[in-house]
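Notes follow once the structure below has been shown.
The values are calculated or read from the model by the stated rules, or taken from the named source; none is laboratory data. These numbers come from a predicted model, not from an experiment. FYI the Cβ positions are ideal-geometry reconstructions off the backbone, even for glycines, and counts take in every protein chain you see.
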Amino acid sequence: MKHAMMISLALGFLISLTQAHSVQAQTSQASDQMSELQQLRQELKAVKIELLQQEIDFQEWKIKQLERELQQVQSERQQLEKQERILTQRVTALHQQGAGDMGSETGVGEPNTVKDHSPEQEMKRFQTKQQPTIQREEELNGQLKQERDRLEDLRKRAKRLLPAEG
């Protein structure tokens with residue numbers, strides 16, 4: 001009986017050890033899984049940060065392209081405005097010359113010359129050229145505002161993901 005009790009006790013002890021080892025193995029396995037999960041989270045965060053940085057770089061490139069295009073359009077608009085001022089001065093001078101010539105007897109045919117040159121039609125032509133340029137400039141300014149806002153949003157998102165450096 002003592003022998004059976006000793007065997008029972010030994011078996012109970014072995015079963016406890018086996019269960020304890022099993023629990024320890026499961027705990028160890030869970031710990032390994034947790035550490036793998038933590039590593040995956042860190043890698044995922046690093047990939048997110050990298051993607052955001054690429055989006056930021058692309059957004060900055062896009063803004064620079066829009067700024068270049070806007071600069072060209074503004075230059076074109078300024079050139080058209082300069083030509084319009086010159087034309088306005090010519091029209092004014094022709095009208096003044098025509099008004100002065102009408103007072104003299106030799107200048108009876110001069111007002112017809114002013115109409116033949118039709119500076120008013122040239123003014124309309126310049127205004128017609130300017131309108132698409134002005135519209136394009138407004139469109140580009142709107143796009144630039146949108147792209148700058150998007151860039152600011154991307155930077156804020158990246159800042160939230162980056163660890164605090166202090």
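Of the residues contained in the stretch 61-80, none is found to be over 30 Å from Glu137 (Cα atoms), of a type in the set (A, V, I, L, M) and surrounded by 10 or more Cβ atoms within 10 Å (Cβ to Cβ).
Applying the condition of being under 17 Å from Glu67 (Cβ atoms) and in contact with a helix residue (DSSP H, G or I) (Cβ under 8 Å, 6 or more places away or on another chain) to the stretch 123-144 and asking which residue is modelled with the lowest pLDDT yields Thr133.
Do the conditions hold for Glu137, that is, is it part of a helix (DSSP H, G or I) and surrounded by 13 or more Cβ atoms within 10 Å (Cβ to Cβ)? When the stated conditions are applied, Glu137 passes them.
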